[in-house]
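K.L.:
Pasting a structure below so you can have a look.
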Amino acid sequence: MWIVRLALRRPYTFVVMSMVIVILGILATFRMPTDIFPEINIPVVSVIWSYAGISPEEMAEVVTIRCERSFTTSVNDIEHMESQSLPGLSIIKIFSLWNLKGYLGWGIISLTR
């Protein structure tokens with residue numbers, strides 16, 4: 001309650017303090033460095049295979065398992081892989097241990113085909 005009594009006795013002090021806080025907030029907002037497109041290093045490469053007219057079970061047997069085996073034998077530093085087989089589509093996500101740049105990841109994957 002003491003702060004309310006102080007504010008009622010000295011209203012200009014609190015008005016000036018609130019104006020200073022608003023001005024400092026605006027200055028801090030303008031001085032804060034921002035980047036619209038920050039560099040994000042996510043060590044993941046997604047490989048998508050399309051084979052029209054095939055069931056998910058056949059897609060897993062024919063494409064996904066063989067592709068995963070070839071990746072594990074030819075690409076180094078793979079942490080783990082996640083795969084999903086859909087009708088006519090296979091999606092394989094390769095998670096790497098090191099910071100994998102997008103262009104480098106595509107180069108590694110394209111070399112393994």
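Just so it is clear, none of the values below were taken in a lab; they were calculated from the coordinates. Since this is a predicted model, take the numbers as computed values, not measurements. Every residue, glycine among them, receives a Cβ derived from its backbone with ideal geometry; neighbour counts consider all protein chains shown.
K.L.:
Arrange the following residues from fewest to most other Cβ atoms within 10 Å of their Cβ: 49, 2.
P.N.:
Details: 49 16, 2 6.
Least crowded to most crowded, the residues run 2, 49.
K.L.:
Can you tell me how much longer the chain between residue 16 and residue 48 gets when fully stretched, taken as 0.36 nm per residue apart minus their C-alpha distance, in nm with one decimal? Don't jump to the answer; show the numbers that get you there.
P.N.:
Numbers: separation 32, 0.36 × 32 = 11.52 nm, distance 6.08 nm.
Computed gain between residue 16 and residue 48 is 5.4 nm.
K.L.:
From zero up to wherever the largest Cα-Cα distance of region 1-64 sits, split into 10 Å bins and tell me the percent of pairs in each.
P.N.:
In order of increasing distance, the bins hold 15, 17, 13, 12, 10, 12, 10, 11, 0 percent.
K.L.:
May I ask you to compute the full-extension gain from residue 9 to residue 55, defined as 0.36 nm times their residue separation minus their alpha-carbon distance, rounded to one decimal in nm? Walk me through the numbers on the way to the answer.
P.N.:
Values: separation 46, 0.36 × 46 = 16.56 nm, distance 7.92 nm.
Using 0.36 nm per residue and subtracting the Cα-Cα distance, I get 8.6 nm.
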